[in-house]
Structure formats: structure tokens, C-alpha cells
Amino acid sequence: MMNISKLTPWFLFLSLILLSDYKVRGSISPSSERPQEGGIFGFKPKALFVFGDSYADTGNTPLIAASWRFPNGITFPGKPTGRFTDGRVSTDYLAKYIGLKTPIVYKWGRYGQPKGLVKKGMNFAFGGAGVFETMFKIVPNASVQIDSLERLIRRKVYSPADLNSSVAFFSIVGNDYLTYDRRNGSEQGRPALIRRVVKQILLDVKRIKDLGVRKVLVALSPPQKCLPLLATPRGCDTNDTSTNLHNSLLREGLTKLNDEKINKNAKSFIMFDLHNAFATIFKNKGVPGVSTFLEPLKACCPTKRGKSCGDVGLNGEKLYSLCKDPKSFFFWDNVHITDQGWRSVFSLLLPDSQF
Ligand SMILES: *[C@@H]1O[C@H](CO)[C@@H](O)[C@H](O)[C@H]1NC(C)=O
Ligand SMILES: *[C@@H]1O[C@H](CO)[C@@H](O)[C@H](O)[C@H]1NC(C)=O
Ligand SMILES: *[C@@H]1O[C@H](CO)[C@@H](O)[C@H](O)[C@H]1NC(C)=O
Ligand SMILES: *[C@@H]1O[C@H](CO)[C@@H](O)[C@H](O)[C@H]1NC(C)=O
């Protein structure tokens, strides 16, 4: 066992990161046109690289994080895995869609071992990340996550051919805005922030492509006002101006990148429309044949503000409550999505697949 006093800084970091309205969002949505062969990518990728926040993180956060504690992981695999959910997250479902195993987390694969696994890609996503520095200061932002891939390429862990048969998933969907709110950013300043964030996302995804990755799937923002953290008992607006501005700028930017000469026939950037998926699930209270969420804006594992599912007090008392049946909830905690929630999102966005 580790000496607890040594862990104190991590606890602080944790409670900051993990649950002080730790907001992470991610999204995957394919464009409507879907090639017959090879699914949304048009070919069968041999490797998957992931950049993002807790919606995509499969265990990069330190072991002291609440995501490594009960009841996270209770649905699958039955114990905590570092994911902020009861089961699988977006990365797992995307890997399954592609026909790959969930990529190894950077934390374990950074030294290029084990080789077989590393060749199938890597997950650089880290809970709390944004494109800029967030309130979780030591969390690597998207640029730093991309630097990590670049370093592995320089060390020849990935060849140009490996990269040319790989795809990336970029899913940074909310911590930059959460941080702005936390710092009492003004409403007048918000559109300028959204422009800066989208501009940086576009630089980031272009950089991933320029490293040699064949296609990049980019998450649009889910409805920003509809987390249990922010939604009111009367519901929430899935058509709010901030989310709309973010997504319309991002669509526009990605379309422009796809139209550049060098990408002309490649359609290198694919949109993953989390907004559409979330809004549809809220409206229909689930996905027919897949899930039923009678109260889609309610969390299975709600906490007080500033706490995370899995947090315990000094005397070991739980700082969360837990629902009976996570399968009937879309949201896991005040911010994150359940396994069944992600399955529903993927069933909607990649409708010809079995999840
Ligand atoms: C990302 O983080 C690094 C290290 O803290 C920092 O140097 C860099 O400016 C950040 N990138 C952006 C786009 O803010
Ligand atoms: C990547 O692979 C595709 C399909 O085989 C090929 O058309 C393209 O020229 C390759 N690009 C590079 C940079 O090797
Ligand atoms: C934001 O505003 C709240 C309430 O007015 C205040 O308590 C808090 O200290 C402010 N935070 C920052 C970072 O300015
Ligand atoms: C969303 O709101 C805009 C105006 O802000 C409106 O033009 C548009 O029709 C709305 N979309 C939906 C689906 O309600």
C-alpha cells in the first residue's frame, strides 16, 4: 500500500480534476454519406490514435483519480478501469466499430512496449483536457497529447506506412468552456472564446493529419447546457447559441480543410455529430431497440458540486449515491455518460453496426 500522506497532492489534484464539475464531453458522429466498404473511413484502419478528454480517456489519469474507484466500471468489466463511467467509453466503441482492440493508453505504451499492442495505436486522451490549459493545470492539453505522438514517430515507433493505414479520433468537448465559467468569464467574451477554441481544434486536427494519419474523426460539441450539472428540472435547451456557434464554425472549418487541394479526393476530416446524437436521445428517451432512458438528464451516480462518482470522505463515507440499474440511465454522473449511453450514441451515429 502507498503511504496516504504522500498522496495528498494527488488527492487535491483529484478532487479538483475529477469532480469539481469535471466536465468532459466527447462526441463521435459520422457524416451522413457512408461508403459501402470500410465504414465511415472508407478503408479498414490498422491503428487508432485518440486525443481528447475524459469522454475518451481509457485510463491515462493517475490511479488516485475517482475513476479508479468503485462504482466506476461496475457494468463492465466489473471493476474500475480508470474510465469515468460504469463501463465503456467512446474510444472503446469506436475501436470495436473499426474491428480493433481498444488502443493501449499512452501511460503504458509510451516506451514503445508491448510492441504488438502499440502498433495498433495509442490513446493519449486525458480526463480534464482542453485545447488550452484548463483549471486542471497539470493535465496535458491537446497540443501536448499530439506532441507525444510526434515524439513516438521521431523514435520510429510508427513508420509512415503505419500512419497511412491509421485513423485518429479527436474528442475535446467542454473543459475549455468549463474553465472559462469557473474563472467567471463574461457572456460578452464567450463568442470570442468559442472562436479561439475552434481555431485551435482546427490547427490540432490538421497537425494530426500532417503527421501522416490518414483520416481524422472530429467530435462536434454535444448540447452544452444539457449536462445534469447544468440542466434544470424543467429540462434544457439543446439548441443554445454557444453550442450552435461552436459546431457551425467547426463544420465550416472542417469542410474547408476537406476542400483543400491536397485533401480533395481524400475527405480527410470526418465529423462525429455528438450534438445530433445527444439531442435525439433526449427527445426520444433512448434509442428504439437499444435503450430506454425515462429521465435522460438524470445521473445514475449523482454527487454534490465539486465531487466525483467514487469519491469518499475522510471516514470512508460515500460522497455519491448510486442508482439500481445503470442501463436505464444516459448520464453516469453529473458530466459523464454511461456504457449504455455510449452504446446508444454509437448505434445512432453508426447505424449499420452492432454494438
Ligand atoms: C498546451 O500546454 C503547453 C504546456 O503547458 C503549453 O506550452 C501550450 O501553450 C499549450 N497549448 C495551447 C494551445 O494552449
Ligand atoms: C496512403 O495510402 C493510400 C491508399 O493505399 C495511397 O493512395 C496514398 O498514396 C498513401 N499515402 C502516402 C502518403 O503514402
Ligand atoms: C467568481 O465569482 C464568484 C461569485 O461572485 C466568487 O466567489 C469567485 O471567487 C469568483 N472566482 C474567480 C476565479 O474570480
Ligand atoms: C435553433 O435555433 C435557431 C435560432 O437560434 C433556429 O433558427 C433553428 O431553427 C433552431 N433549430 C431547431 C432544430 O430548433
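Since every read-out is calculated from the coordinates, none of them should be taken as a lab result. Owing to the predicted nature of the structure, the values given are computational and were not obtained by experimental measurement. For neighbour counting, all protein chains shown are included, and Cβ atoms are generated from backbone atoms with ideal geometry for every residue, glycine included.
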Final fewest-first order of MET122, MET135, MET271 on the 10 Å Cβ neighbour count is MET135, MET271, MET122
Those trypsin sites (Lys or Arg not before Pro) from segment 317-355 that are DSSP loop and have at most 11 other Cβ neighbours within 10 Å turn out to be LYS324
Expressed as a whole-number percentage, the relative contact order of segment 234-309 with C-alpha contacts under 8 angstrom and at least six residues apart is 17
In the chain, whole DSSP H helices that both stretch 24 Å or further along their axis by alpha carbon positions and average at least -0.5 on the Kyte-Doolittle scale are 190-210
Cβ density ranking, 10 Å radius, fewest first, applied to THR243, THR232, THR61 yields THR232, THR243, THR61
Residues whose modelled amide H sits under 5 Å from the amide H of VAL173, counting only those 5 or more places away in sequence or on another chain, are ARG25, ASP53
One checks the Cα atoms of segment 135-221 and finds Rg and Dmax, in Å, of 15.2, 47
Heads up, segment 36-142 by the C-alpha gyration tensor (a ≥ b ≥ c square roots of eigenvalues; a/c under 1.5 rounded, else a/b over b/c prolate, else oblate) looks prolate
Segment 105-170: spread of alpha-carbon positions along the three principal axes, whole Å, largest first, is 37, 21, 19
Over its alpha-carbon atoms, segment 271-355 yields an Rg and a Dmax in Å of 14.3, 49
Quick shape summary for segment 156-297, equivalent ellipsoid via Cα gyration tensor, semi-axes whole Å in descending order, reads 30, 20, 13
Counted neighbours (other Cβ, 10 Å), sorted fewest up, put TRP108, TRP342, TRP332 in the order TRP108, TRP342, TRP332
Computed over the chain, the Cα gyration tensor eigenvalues, each multiplied by 5 and square-rooted, give semi-axes in Å (largest first) of 29, 24, 21
Here the net charge surrounding VAL89, from other residues whose Cβ is less than 10 Å away from its Cβ (Lys, Arg +1; Asp, Glu -1), is -1
One would report the antiparallel percent of DSSP beta bridges in segment 12-349, rounded to the nearest 5, as 25
From DSSP H assignment alone, runs of 4+ in the chain each adding -39500 (n - 2.57), the sum over residues rounded to the nearest 500 puts [θ] at 222 nm at -10000 deg cm²/dmol
The relative contact order of the chain, taking Cα pairs under 8 Å that sit 6 or more residues apart, comes to a percentage of 23
Given 86-93, 191-198, the highest-first ranking by average Cβ count within 10 Å works out to 86-93, 191-198
